[in-house]
Amino acid sequence: MSGSRAEASAPAATAADLPIGVFDSGVGGLTVLRALRSALPDERFIYLGDTARLPYGTKSGETVTRYAEQATRVLVGRGIKLLVVACNTASSVALGHLAAVFAPLPVIGVIEPGAAAAGAASASGLIGVIATEGTVRGGAYERAIRAVRPGADVVSVACQLFVALAEEGWIDGPVAEAVAQRYLANVVGERPTLDCLVLGCTHFPVLRQAIAAAVGPRVRLVDSAETTAEVVVDCLLRSDLRAGHRTREGGAGQAGVRFLATDAPGRFARVGAVFLGEAIAPEDVELVDL
């Protein structure tokens, strides 16, 4: 009888109790997950890194869109209440497609939040964007920045080697500094009024020290992770989907993360720890096939 009373008193599960889904082409999106967990400590998350097909930045828009839909289907199959596309390339070419295919699931990318932050941060209106080849080729940051800052002058630079450096964990020291100087020194030197640089790939924040040294102190670096987290918080509140007090009281389970990877879970755990800022146990990374 007492067991029946306990069951009857337990709060019914609702959509707000579901986890937030996050996906990226690899481990770079863990910088976004890190910001999300800081802003939303009561929420649960499922993170999928498509490590078998990294990088997305060198692939066609059609291929990236197909990969993004496949990754999203896995997350939707696990039961999520909101999707964060923590990949700049996928956000630039596949966001609208994902929103249409998986409606009414809220879908949030990282480009618009980063563009808004850059538009607000730049005094001169001359804004730099560093990203992968695919993101630069698509021009999504230029469009998004000019939408919030009409008349802005946007300079985009493809820095594909930054992804490889970040994935290898070579985030500081002479190699990272030399690559950053090669990519950026002339860009900034030829544009003395450039005062803001968007880190337009989720791999790039871990190279912040080398990038900052290459562009100098007058250029502010904008990382879209924290701004994206703010947009997610706002969306959850407007949609009445925030986990809220139920998780803190234990009614809907403890906040945490499930990690999924399409290849090499051990490497995902080792390299991912750099991006997440804390250790990831290899046994906690589930291998999935898209």
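Where a number appears in this text, it was derived from the coordinates with a stated rule and is not lab data. Everything numeric in this text was worked out from a predicted model, so none of it was measured. Virtual Cβ from ideal backbone geometry, glycine too; neighbours counted across all protein chains shown.
Suppose we look only past 14 Å in the calculated P(r) of the stretch 16-92. What percent of the Cα-Cα pairs does that tail hold?
On the way: 1682 of 2926 pairs.
Percentage above 14 Å: 57.
Restricting to Cα pairs below 8 Å that are 6+ residues apart, what does the relative contact order work out to for the stretch 112-224? Please round to a whole percent.
Working: 181 pairs, mean separation 40.5, N = 113.
That works out to 36 percent.
Given DSSP loops and a limit of at most 14 other Cβ atoms within 10 Å, what is the longest stretch of the chain that contains no such GluC sites (Glu not before Pro)? Walk me through the numbers on the way to the answer.
Working: sites that count: 190, 249, 278.
Maximal segment without exposed cleavage sites: 1-189.
Sticking to Cα atoms, compute the Rg of the stretch 112-224 to one decimal and its Dmax as the biggest Cα-Cα distance, whole number, in Å.
According to the Cα coordinates of the stretch 112-224, Rg and Dmax are 12.9, 39 Å.
In Å and on Cα atoms, what radius of gyration and Dmax does the stretch 161-241 show?
15.4, 48
For the chain, evaluate the Debye formula with one uniform point scatterer on each Cα (no solvent term) and list log10 I(q)/I(0) at q = 0.09, 0.13 Å⁻¹, rounded to two decimals.
Debye intensities relative to I(0), on a log10 scale: -0.43, -0.86.
Taking the Cβ of residue 167 as the centre, find all other residues whose Cβ is under 14 Å away and add up their charges (Lys, Arg: +1; Asp, Glu: -1).
Values: positive: 53, 267, 270; negative: 24, 50, 168, 263.
Charge balance in the 14 Å sphere: -1.
May I ask you to work out the translational diffusion coefficient for the stretch 44-177 at 4 °C, viscosity 1.567 mPa s, via Stokes-Einstein with Rh from the Kirkwood sum over Cα pairs, reported in whole µm²/s?
On the way: Rh = 16.0 Å.
The Stokes-Einstein estimate is 81 µm²/s.
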